[in-house]
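First the structure, in the form of structure tokens, and then the observations on it.
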Amino acid sequence: MRKNSIKNTRINVEVQKELSMLINREIKDPRINPMTSVVHVEVSPDLKTAKVYISVLGDEESKKATLAGLKSASSFIRGQLARSLNLRNTPELTFVIDNSIEYGVHMSKLIDEVTGNLSKDTQDEEPYDDEEQVENEEPDDDEDPNDINSDDSQD
């Protein structure tokens, strides 16, 4: 089975769903933060190993404690996976902290800050009014604006 095959993709999604459910409902370890989510799972094509990317909402200490709790519970999680999923081999789990969600939130805050500063700068400047300039322009003396028979209307 190739790494990017449809079958492997389906297995990745199923393992991700089961792991998410197991971590949130079955594991009672106090080190594991309740705001832990499984972001992505990569199961190897031979189904021997799986990398589990997790995101933890909290500080660095909470992340480290959650990672330690998950590593200590990995054999229990693997056994529960074997019971719930009908796979030829149950993969050995490797947990990895994924900071992409926090990075995205940080970038979003930076963008909001920059756009907030830009909108404040544009509010301070006086807006350019096109109507004032049109009203101040004087029509040419040669042309009568009400004249229907002007050169512009001839075919």
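Quick note: the coordinates plus some simple rules give every number you see, no bench work behind them. Not measured: the values here are computed from a predicted model. Note that each Cβ is placed from the backbone with ideal geometry, even for glycine, and that neighbours are counted across all protein chains shown.
Would you kindly state how much longer the chain becomes between S75 and M21 on full extension, computed as 0.36 nm times their sequence separation minus their alpha carbon distance, in nm to one decimal?
The S75-M21 span can extend by a further 17.8 nm.
Under a 5 Å amide H to amide H cut-off, with H placed in plane at 1.01 Å, what residues pair with D98 once short-range neighbours are removed?
Hits under the 5 Å cutoff: I54, S55, V56.
Can you give the % of DSSP beta bridges in the range 6-99 that are antiparallel, to the nearest 5?
55 percent
May I have the count of lysine pairs in the range 6-99 with C-alpha atoms under 21 Å apart, counting pairs 8 or more residues apart or located on different chains?
Lysine pairs satisfying the spacing and distance rule in the range 6-99 number 16.
Tell me, what HN-Hα J-couplings in whole Hz come from the Karplus equation 6.51 cos²θ - 1.76 cosθ + 1.60 at θ = phi - 60° for each residue of the range 79-91, using x for Gly and Pro?
x, 5, 4, 4, 6, 8, 10, 9, 10, 4, 10, 8, x
Can you give the alpha-carbon Rg of the range 8-88 over 2.2 N^0.38 Å, where N counts its residues?
Cα Rg divided by the expected 2.2 N^0.38 Å: 1.07.
Just grab the label-to-label distance for T94 and K64, each label 7 Å out from Cα along the Cβ direction, in nm (one decimal).
2.2 nm
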